[in-house]
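Working notes for the structure below.
The values are calculated or read from the model by the stated rules, or taken from the named source; none is laboratory data. Because the structure is a prediction, the values reported are computed rather than measured. Reconstructed Cβ throughout: ideal geometry from the backbone, glycine too, with neighbour counts over all protein chains shown. These area figures cover heavy atoms from the full protein model, side chains too; ligands, DNA and RNA do not enter into them. Shrake-Rupley method; radii C 1.70, N 1.55, O 1.52, S 1.80 Å.
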Amino acid sequence: MTRNPEMAGDSKDDEDITKMEMGKLAHIFMSGASAIILVPDPLNANNDWFEMVKDYASQGTWQTEGSIKEEMPGSNIILANIEIADEILQESGKNLKEIQQEINTSGKPNSFEIEKVTGKIQVTKKIEKVYGENIIAIVEGSDPVLKNECVILTAHYDHVGITGKGEINNGADDNGSGTVALLEIAGAFSKMKKKPRRSIVFAWVTAEEKGLVGSEYYTQNPVFPLKKTVANINLDMVGRSAEKELEKVDNPEKSLAGPNGIYIITGDNSQVLTNVSNKICKKLGLIPSDALTDEFMESSDQYNFYKNGIPVLAVSTGLHEDYHKPGDDFDKIDYHKMKRICDYTFLVVDEIANHKN
Ligand SMILES: [Zn+2]
C-alpha cells in the first residue's frame with residue numbers, strides 16, 4: 001500500500017486510497033500536465049496501488065470500429081522504476097527515498113521544480129483489432145402490429161479477467177448473476193403458450209467492462225429499430241444480499257441491499273416503467289430504492305439506451321467489498337434473492353410488452 005500525506009496517521013481502506021490516488025492523477029492532468037511518470041513507493045514493498053494502475057494501463061482502452069472516442073487522460077501515464085526517478089532527481093541533490101521519507105515525517109506534500117532536466121519520452125501505442133460477440137435471442141410478439149416493437153433485456157457476460165498476480169476474477173455477481181438470470185427469463189418467455197404482444201429481445205452483451213462496448217455496438221446496429229424499442233431492462237450484479245436492509249446509502253461502493261432490497265435505476269424517463277416496477281415490487285415483497293441512480297446510470301449497459309432516449313430500467317442488488325476482486329465468487333450468491341429478481345424482471349417485462357401504449 002502506498003503512503004502519502006493524506007494517509008499520515010490515518011488508516012484508510014483500499015477503496016479510499018484508490019479513489020484518492022485517482023483523484024490526484026485527474027487533478028494533475030486537469031492542471032495541464034501532458035504526462036505523468038508514476039513510480040512505486042520506495043519505502044514500502046507492498047505497492048498494491050501501483051500494481052493496480054499497471055494492470056489497468058496494460059489492458060488499454062476499447063472502442064467499436066469506426067467510432068471516435070476522446071483520448072483517455074490515463075493514456076499518458078508512464079510507469080517507471082525507482083532508478084529512473086532517481087536519475088531524474090539527481091540534479092536536485094536528493095533521491096526518491098529521501099523525498100518520501102520527508103513526506104512521511106512531515107505529513108505534507110513535497111513538490112519542487114527540477115530546472116535543468118529535460119527529457120524526451122517516446123511512447124509506442126499499439127492498436128489491435130479485437131473481435132467480440134453479442135449473443136441475441138428473440139421471442140416474437142403475438143400481436144400482428146405490435147410485434148414490430150420490442151422490449152430489450154441486456155446483461156453483460158464479460159468480466160475483468162485475471163489480476164497481475166495471476167488470481168482469477170470469476171465475477172459470480174458481476175455479472176454471472178445477470179447472465180444466468182437473463183437465461184432463466186428467456187427460457188420462461190420461450191415456454192409461454194401465448195406470447196406477449198410485443199417482441200422481446202434478449203441480449204447478452206460483451207465488453208461492458210471495457211467501456212460498455214457491446215451495448216454501444218448494439219445501439220449502432222439494433223435488431224429492431226431504436227424507434228421501435230419501447231424499453232431496455234438491464235441486469236448487472238443481481239446476486240448478492242447483505243444480512244439486513246440498509247437504512248441509507250452513504251457510500252455507493254458499500255451499498256449491498258438487504259434480503260428484500262433491490263436498486264432500480266430509471267433516470268425517471270418513463271413513468272410507465274416506474275409505476276409497473278413499483279407495482280411488481282409490492283406484489284413480491286421487494287423494497288425498491290433509486291439511491292444508486294446517479295452512480296449507476298452511466299456505468300452499465302442501460303446508458304447506451306438511455307442516451308438514445310429509450311426508457312430504461314436497470315436492476316442491481318448493489319456494490320460490495322468483492323466488486324472486481326477475486327472474492328466475487330459463487331459461494332456468496334443469494335440464489336433465493338436471484339429467483340425473486342427473475343420473477344420481478346419477468347413480470348415487469350411481460351407487462352411492458354403487453355402495455356397498451
Ligand atoms: Zn457489471
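Observations on the structure shown:
- Taken over the range 134-154, residues that are away from the ligand (no atom under 16 Å from the Cβ) and not in a strand (DSSP E or B) amount to 10.
- Residue list for the range 313-335, filter: in a helix (DSSP H, G or I) and either aliphatic (A, V, I, L, M) or closer than 18 Å to residue 187 by Cα (or both): 335
- Among the candidates 263, 157, the residue that is open to solvent by less than 20 Å² (accessible area, probe 1.4 Å) and within 15 Å of the ligand (Cβ to nearest atom) is uniquely 263.
- Near pairs, Cβ below 9 angstrom, 6+ apart or cross-chain, from the range 141-169 (among the aromatic types (Phe, Trp, Tyr) and at pLDDT 95 or above) to any residue that is in a strand (DSSP E or B) and more than 15 Å from the ligand (Cβ to nearest atom): 157/135
- Across the range 196-232, the qualifying residues are those that are hydrophobic (A, V, I, L, M, F, W, C) and part of a helix (DSSP H, G or I), and the one among them that is most open to solvent (accessible area, probe 1.4 Å) is 226.
- Looking only at the range 160-178, and only at residues there that are surrounded by fewer than 19 Cβ atoms within 10 Å (Cβ to Cβ) and among the polar types (S, T, N, Q), the one that is farthest from the ligand (Cβ to nearest atom): 163
- Residue in the range 182-195 that is crowded, with 21+ Cβ neighbours inside 10 Å and more than 16 Å from the ligand (Cβ to nearest atom) present: yes
- The lone exception for residue 233 - which of (1) farther than 25 Å from residue 272 by Cβ; (2) within 16 Å of the ligand (Cβ to nearest atom) it fails: (1)
- Output for the range 108-140, where each listed residue is surrounded by 10 or more Cβ atoms within 10 Å (Cβ to Cβ) and among the acidic types (Asp, Glu): 133, 140
- Residues located in the range 102-123, provided they are within 35 Å of the chain's Cα centre (by Cα) and of a type in the set (S, T, N, Q): 104, 110, 111, 122
- Where residue 355 falls short, out of the listed (1) touching a residue at least 60 places away in the same chain (Cβ under 8 Å); (2) over 24 Å from residue 183 (Cβ atoms); (3) within 16 Å of the ligand (Cβ to nearest atom): (3)
- The residues listed here are 91, 113; of these, the one that is assigned to a helix (DSSP H, G or I), at pLDDT below 90 and out of contact with any Cys (no Cβ under 9 Å at 6 or more places or on another chain) is 91.
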